[in-house]
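Enquirer: Can you keep this structure in mind? I'll have questions shortly.
The values are calculated or read from the model by the stated rules, or taken from the named source; none is laboratory data. Worth saying up front: this structure is predicted, and the values here are computed from it rather than measured. All Cβ positions, even for glycine, are placed from backbone atoms using ideal geometry, and neighbour counts span all protein chains on display. Side chains included, ligands, DNA and RNA excluded: accessible areas come from the protein's heavy atoms. Shrake-Rupley method; radii C 1.70, N 1.55, O 1.52, S 1.80 Å.
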Amino acid sequence: MRRPPESAVAILASPEGMPEPILSMGSTYLSLHYHIVFGTKDLRPLMRPDWRSELHQYLGGTVRGLGGVPEIINGVDDHLHLLVGLRATHCLADFVRELKKASSAWATDHDRLFRWQDGYGAFTVSPTQRESVRNYIRKQEPHHRKLTFAEEYRTFLIKAGIEFDPKYLL
């Protein structure tokens, strides 16, 4: 077996006391995907169907502009879901703040009363669950014929093991 250059090898002692070469990490590899959810101020039904898809496209462009990867964006009249890939250098809170700020400015051109709620939910998504989350986000309209956003969000928090006080939920 060919040995890597000394610069890439650290020597650690095995339990028997014999040195074992360990390869060092030459680059950073990561998979940081988030399912982000946020709603309109007071969950008012402000995202009308006649311009909602344009908003989703604008959000996708904003995600790209912020250095992220928009995998899917969809929602209904009072909230939306995004599946995004982010870099290690992103601060999630800063990313969401800038995303909401830019899209709020765009949306007020379509509805002068448009505002996002202050908070948001962000849930990490493993590579094995990304397709399932994509499908979930894709099917928002039929999903919300049966379930309110409050019920959906409460379920997310419970499944993620996040403690919350229901009076401060939405």
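Enquirer: Please state which one of Thr124, Thr155 is hydroxyl-bearing (Ser, Thr, Tyr) and open to solvent by 70 Å² or more (accessible area, probe 1.4 Å).
Expert: Thr124
Enquirer: Can you say whether Glu131 is within 17 Å of the chain's Cα centre (by Cα) and open to solvent by 90 Å² or more (accessible area, probe 1.4 Å), as far as the supplied structure shows?
Expert: Here the answer is yes, as Glu131 does meet what is asked.
Enquirer: So Ile11 clears everything in (1) at pLDDT below 95; (2) at positive phi except one condition, right? Which one?
Expert: Every condition holds for Ile11 apart from (2).
Enquirer: When Leu83 is evaluated against the numbered criteria (1) hydrophobic (A, V, I, L, M, F, W, C); (2) part of a loop (DSSP other than H, G, I, E, B); (3) in contact (Cβ under 8 Å) with a residue 12 or more places away in the chain, which criterion, by number, is the only one it fails?
Expert: Looking at each condition in turn, Leu83 falls short on (2).
Enquirer: Is there a residue in segment 66-73 that is assigned to a loop (DSSP other than H, G, I, E, B), acidic (Asp, Glu) and surrounded by 17 or more Cβ atoms within 10 Å (Cβ to Cβ)?
Expert: No, segment 66-73 contains no residue that is assigned to a loop (DSSP other than H, G, I, E, B), acidic (Asp, Glu) and surrounded by 17 or more Cβ atoms within 10 Å (Cβ to Cβ).
Enquirer: Quick one: which residue in Phe95, Phe123 is more than 23 Å from Pro49 (Cα to Cα), modelled with pLDDT of 95 or more, assigned to a helix (DSSP H, G or I) and out of contact with any Lys or Arg (no Cβ under 8 Å at 6 or more places or on another chain)?
Expert: Phe95
Enquirer: Quick one: Asp118 ticks every box in (1) at pLDDT below 95; (2) open to solvent by less than 50 Å² (accessible area, probe 1.4 Å); (3) part of a loop (DSSP other than H, G, I, E, B) except a single one, so which number is it?
Expert: (2)
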